[in-house]
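*Asks:* Submitted below is the structure of interest, expressed as structure tokens.
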Amino acid sequence: MGVKLRETESPSEMGKIIVSGGKPLNGEVEISPSKNGILPVIAASLLAEGPTSIPVIPNLTDVDTICEVISSLGVKVNRQPPGLAISGGQVNSVEPPYELVRKMRASILVMGPLLARQGRAVISLPGGCAIGSRPIDLHLKGLAAMGARITLGAGKIEARAPTLRGSRIYLDFPSVGATENLMMAASLAQGITYIENAALEPEIVNLADFINDMGGRVEGAGTNVIRITGVRELHGVVRSVIPDRIEAGTYMVAAAATGGSITLKNVRPEHLQSIIFKLRETGTEIQEEGEGSLRVTGSSSLQPVHLKTMPYPGFPTDMQPQFVALLSRAGGTSIVIETIFENRYLHVNELVRMGARIKTEGRTAIVDGVPALTGTRVRATDLRAGAALVIAALSATGDTEISGSEHVDRGYENLVDKLIGLGAAIKREP
Ligand code: EPZ
């Protein structure tokens, strides 16, 4: 495809994706089960006395990691493609290995279930990540309110609670992870817990549905007050996970950016409203095509928009990098404000290397659209920044080499194959 690879490719080079840009995407793409839906559900399987199975799971490295985390606690996990079976029952450790927790911040989601089932959890501080410091103070404050004794030391957090008691908890910020951790802990606590200012994301509702199918009593998920009545024990469950709204949004933006026309299958339009509305503002056409499918048709002239990321149902922060890639070719100036994470513009410098005209000032990005981006060598720094670079490369003139593709594989199942199925000229380099 004409991209000249460095002769002196060091063996330590990470995975690469090579894209030959300028081809409109056309055809049909099937959306996979949600990464951010499945991670808390696999953690919740620790709450059950018996086995849990999920009929279809996405082939993602983050799913591999959470499975390694619960296996490290002594739970039996076996992949029965396309699904997953988890033994449940007793665990023989309450401390997942540091290298797993460091690899994926969502490992913190085992804390609530371990505390509820074993009365103790020891988690290495997850540390920051590329997009910000991402503290866990809201998780810890909620668990302490339920009676857990929290001690910090030597890079680890230990939580102890012979029994957890229902409590009224207020979240200063509607944190997705804190809402999930506290919901799981409260499901086996003595008494009733209220989580006020809870996160409203669909993945929260998905988790509540799982816990209720396991015999739990969670009411109000999807609203900002969730009431959890603790029960004595939870049993295993067989249940599917909602489709991945961020994967869907990413393909919608890719279609808009390449001026193509694609149909997405297995989507929940009700989870995509803010993305649909914002895309329509850019001039992109979107129609619901019957049960669980959407048709997205890019326009020949992209309009600039003002974008502000907010907790659900606001515009999702996980779609901000992809939108910045799209808006870098709009016919005018767009203003983007990222309110959730303090450092989520790592994709901007790479887009500027492709000819984008973007200035960031704190949480604001000013995107002056240019007629075209030019393919070159770029590097993915995190999952959604990587997705943004793929979108930019698909719409650019010429070839682009994206290194750090392992970031993209954390959250996009079979990305290259799915894009080839939509007519993209894209391949992987080892
Ligand atoms: C979840 O992360 C998602 N990850 C993220 O998706 C998503 O960006 C985020 O929610 C917001 O929607 C998973 O679901 C596995 P938060 P989480 O707790 O739970 C601050 C992706 O690309 N905060 O809602 O970590 C925090 O610093 C990933 O798929 C505290 O201050 O997000 C951040 O600024 C990236 N104290 C904000 O809240 C806390 O105790 C949102 O964090 C917890 C969070």
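The values are calculated or read from the model by the stated rules, or taken from the named source; none is laboratory data. Quantities reported herein were computed from a predicted structural model and do not represent experimental measurements. Cβ placement follows ideal geometry from the backbone for every residue including glycine, while neighbour counts extend to all protein chains displayed. The area values use the complete protein model at the heavy-atom level, side chains included, leaving out ligands, DNA and RNA. Shrake-Rupley method; radii C 1.70, N 1.55, O 1.52, S 1.80 Å.
*Asks:* From the phi of every residue in region 407-420, what ³J(HN,Hα) in whole Hz does the Karplus formula 6.51 cos²θ - 1.76 cosθ + 1.60 yield, where θ is phi - 60° and glycine or proline is x?
*Replies:* 4, 6, 6, 5, x, 10, 6, 6, 4, 5, 4, 5, 6, 4
*Asks:* Give me the dipole magnitude in Debye, nearest 20, for the chain about the Cα centre, with unit charges on the beta carbon: positive for Lys and Arg, negative for Asp and Glu. Please report the intermediate quantities before stating the final value.
*Replies:* On the way: 43 positive and 44 negative charges, 138 e Å.
I would put it at about 660 debye.
*Asks:* With a cut-off of 8 Å between alpha carbons and a minimum separation of six or more residues, what is the relative contact order of region 260-378 in percent?
*Replies:* Details: 217 pairs, mean separation 24.7, N = 119.
Relative contact order of region 260-378: 21 percent.
*Asks:* OK, next. When the Karplus curve 6.51 cos²θ - 1.76 cosθ + 1.60 is applied with θ = phi - 60°, which whole-Hz ³J(HN,Hα) does each residue of region 240-253 get, with x for Gly and Pro?
*Replies:* Residue by residue, region 240-253 yields 8, 10, 5, x, 7, 5, 7, 4, 4, x, 5, 5, 4, 5 Hz.
*Asks:* Provide the net charge surrounding Ala148, with neighbours chosen by a C-beta distance below 14 Å and charges set as Lys +1, Arg +1, Asp -1, Glu -1.
*Replies:* Details: positive: Arg117, Arg120, Lys141, Arg149, Arg160, Arg165; negative: Asp137, Glu158.
That works out to +4.
*Asks:* If you don't mind, there's one more thing I want to ask. Expressed as a rounded percentage, what relative contact order does the chain have, with Cα pairs under 8 Å and six or more residues apart? Intermediate results must be reported in sequence, preceding the final value.
*Replies:* On the way: 1066 pairs, mean separation 90.6, N = 430.
Relative contact order, the chain: 21 percent.
*Asks:* What is the spin-label model distance, in nm, from Arg232 to Arg160 if the labels are put 7 Å beyond Cα along the C-beta direction?
*Replies:* Here the modelled spin labels are 2.7 nm apart.
*Asks:* Another one. Gain in length, Thr374 to Arg428, computed as 0.36 nm per residue apart minus the alpha-carbon separation, to one decimal in nm? Provide the component values of the computation, followed by the final result.
*Replies:* Values: separation 54, 0.36 × 54 = 19.44 nm, distance 1.95 nm.
Residue separation times 0.36 nm, minus the Cα-Cα distance, leaves 17.5 nm.
*Asks:* Give me, ordered by chain and number, the residues 5 or more places off Arg377 or on other chains with an amide H under 5 Å from its own placed amide H.
*Replies:* Answer set, sorted by chain and number: Glu401.
*Asks:* Quick one: accessible area per residue over region 35-229, 1.4 Å probe, rounded to a whole number of Å²? Before the final figure, lay out each step's value.
*Replies:* Details: 7020 Å² over 195 residues.
Accessible area per residue: 36 Å².
*Asks:* Measure off, as a whole percent, the carbon and sulfur share of the 1.4 Å-probe accessible area of the chain, all protein chains present.
*Replies:* On the chain, the fraction of accessible area on carbon and sulfur atoms equals 52 percent.
*Asks:* Something else about it: Is the shape of region 208-253 best called rounded, prolate or oblate, per the rule: a/c under 1.5 gives rounded, else a/b larger than b/c gives prolate, else oblate, with a ≥ b ≥ c the square roots of the Cα gyration tensor eigenvalues? If you can, show how the numbers build up before the last one.
*Replies:* Working: a/c = 5.65, a/b = 1.83, b/c = 3.09.
Cα axes put region 208-253 in the oblate bin.
*Asks:* Taking the Cα centre of each part, how many Å lie between region 289-333 and region 84-159?
*Replies:* 35
*Asks:* Within region 44-68, which residues have the backbone N less than 16 Å from the label spot 7 Å out from Asn414 along Cα→beta-carbon, could you tell me?
*Replies:* Counting only backbone N, you get 56-61.
*Asks:* Rounded, prolate or oblate: which one fits region 35-229, using the alpha carbon gyration tensor with axes a ≥ b ≥ c (rounded when a/c is under 1.5, else prolate when a/b beats b/c, else oblate)? Mind dumping the intermediate values first?
*Replies:* Details: a/c = 1.31, a/b = 1.13, b/c = 1.16.
Rounded.
*Asks:* What are the residues whose amide H is under 5 Å from the amide H of Gln303, where those residues sit 5 or more places off or on another chain and H is modelled from the backbone?
*Replies:* Residues meeting the criterion, in which the H sits 1.01 Å from N, are Gly283, Gly331.
*Asks:* Roughly how far apart, in whole Å, are the Cα centres of region 164-197 and region 203-263?
*Replies:* Region 164-197 and region 203-263 have Cα centres separated by 17 Å.
*Asks:* May I pose another question? What order do Tyr345, Tyr170 take when sorted by accessible area (1.4 Å probe), most exposed first? Mind showing how you got there, number by number?
*Replies:* Details: Tyr345 25, Tyr170 130 Å².
Correct descending sequence by accessible area is Tyr170, Tyr345.
*Asks:* Over the Cα atoms of the chain, compute the convex hull volume and normalise it per residue, giving Å³. Mind showing how you got there, number by number?
*Replies:* Values: hull volume 56.1 nm³, N = 430.
Cα-based convex hull of the chain, divided per residue, equals 130 Å³.
*Asks:* Further question on the same structure: Name the residue, out of Thr151, Thr309, Thr317, whose mean-square fluctuation peaks in a Gaussian network model built on the chain with Cα pairs under 10 Å.
*Replies:* Thr151
*Asks:* Counting Lys and Arg as +1 and Asp and Glu as -1, what is the net charge of the other residues whose Cβ lies under 10 Å from the Cβ of Ala85?
*Replies:* On the way: positive: Lys76, Arg79; negative: none.
Spelling it out: positives minus negatives among the neighbours equals +2.
*Asks:* Relative contact order of region 35-229, please, whole-number percent, based on alpha carbon pairs below 8 angstrom and at least 6 residues apart.
*Replies:* That works out to 17 percent.
*Asks:* Moving on. Name the long-range amide H neighbours of Ser34: under 5 Å, sequence gap of 5 or more, or other chain; modelled H, no Pro or chain starts.
*Replies:* Counting only residues 5 or more places away or on other chains, the set is Ile242, Asp244.
*Asks:* Summing Lys, Arg as +1 and Asp, Glu as -1, what charge do residues with Cβ under 14 Å from the Cβ of Lys418 carry, Lys418 excluded?
*Replies:* Details: positive: Lys265, Lys427, Arg428; negative: Glu28, Glu30, Asp244, Glu247, Asp409, Glu413, Asp417.
Charge balance in the 14 Å sphere: -4.
*Asks:* Another one. With charges only on Cβ, +1 for K and R and -1 for D and E, what is the dipole size of region 35-229 about its Cα centre, in debye, rounded to 20?
*Replies:* Working: 17 positive and 16 negative charges, 95 e Å.
Dipole magnitude for region 35-229 comes out near 460 debye.
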